[in-house]
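The structure under discussion appears below in the form of structure tokens.
The values are calculated or read from the model by the stated rules, or taken from the named source; none is laboratory data. Just so you know, these numbers come straight off a predicted model, no measurement behind them. With ideal geometry, Cβ positions are generated from the backbone for all residues, glycine too; neighbour counts draw on all protein chains shown. Protein only, heavy atoms only, side chains kept; ligands, DNA and RNA dropped before computing areas. Shrake-Rupley method; radii C 1.70, N 1.55, O 1.52, S 1.80 Å.
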Amino acid sequence: DMVRHHVQQHEQKLAFTYVVRHTQLEGIWGALYVTPINAERKGVPYFNPQEYSAEITLWFTEEAETVRGSDMLLQSIISWVTTEWSFASVLLPINSKYSFVHEQMKALEYEPFTDDAETGELLYRLP
């Protein structure tokens, strides 16, 4: 049912799901979801949904997070989003306990601009 739901969203151009794969290794390394801004996100300090073209959520497997070159994973995704999509600004909500992504964001000189206490996410703005 979930796969069918994502296919329908893609066909209707409402949301897009991408599988993250390594160019030289087998297997799925994660997923990336490009969706409209979450309309349920209310009362978050310094957050105005009208300032964003889309919201991107993502996850990676443990293998993807530990393999050689994993430090380039998020940089590659951010580069893809900023060059291949015509978004003025993208919201990237990351669970506050997801240290792998937070460490990569910090290394790329991105800092969360606020947190969503209800969801436990730190919010980043791209680009």
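Taken one residue at a time, the phi angles of the stretch 34-51 give Karplus couplings (6.51, -1.76, 1.60, θ = phi - 60°) of 9, 9, x, 4, 5, 5, 7, 7, 10, x, 8, x, 6, 10, 10, x, 5, 7 Hz. Gly and Pro are set to x.
Using a Förster radius of 30 Å, what is the FRET efficiency between Q50 and R21 based on their Cβ-Cβ separation? Nearest 0.05, please.
Numbers: r = 34 Å, r/R0 = 1.14.
The formula returns an efficiency of 0.30 here.
Counting every C-alpha pair in the chain, the share spaced more than 18 angstrom apart comes to 55%. Estimated from helices alone, the mean residue ellipticity of the chain at 222 nm is -8000 deg cm²/dmol (sum of -39500 (n - 2.57) over DSSP H runs with n ≥ 4, per residue).
Looking at the chain, the accessible area is 65 square angstrom per residue; that uses a 1.4 Å probe and ignores ligands, DNA and RNA. Please build a GNM for the chain, connecting alpha carbons under 10 Å apart, and tell me which residue among I28, I94, I56 fluctuates the most. Top of the fluctuation ranking is I28. Could you list the trypsin sites (Lys or Arg not before Pro) in the stretch 39-92 that lie in coil according to DSSP, counting only those with at most 15 other Cβ atoms within 10 Å of their Cβ? Passing both the DSSP loop test and the Cβ count: K42, R68.
In the stretch 26-127, the portion of solvent-accessible area held by carbon and sulfur atoms comes to 50 percent [1.4 Å probe, whole percent, DNA, RNA and ligands not counted].
Using 1/(1 + (r/R0)^6) with R0 = 30 angstrom and r between the beta carbons of K42 and M72, what's the FRET efficiency to the nearest 0.05?
0.25
Available extension along the chain between S99 and S86 is 1.8 nm, counting 0.36 nm per residue and deducting the alpha carbon span.
The GluC sites (Glu not before Pro) of the stretch 33-127 meeting both criteria, a DSSP state outside H, G, I, E and B (loop) and at most 14 other C-beta atoms within 10 angstrom of the site's C-beta, are E40, E109, E118. With a Förster radius of 22 Å applied to the beta-carbon distance between A107 and S79, the computed FRET efficiency rounds to 0.95.
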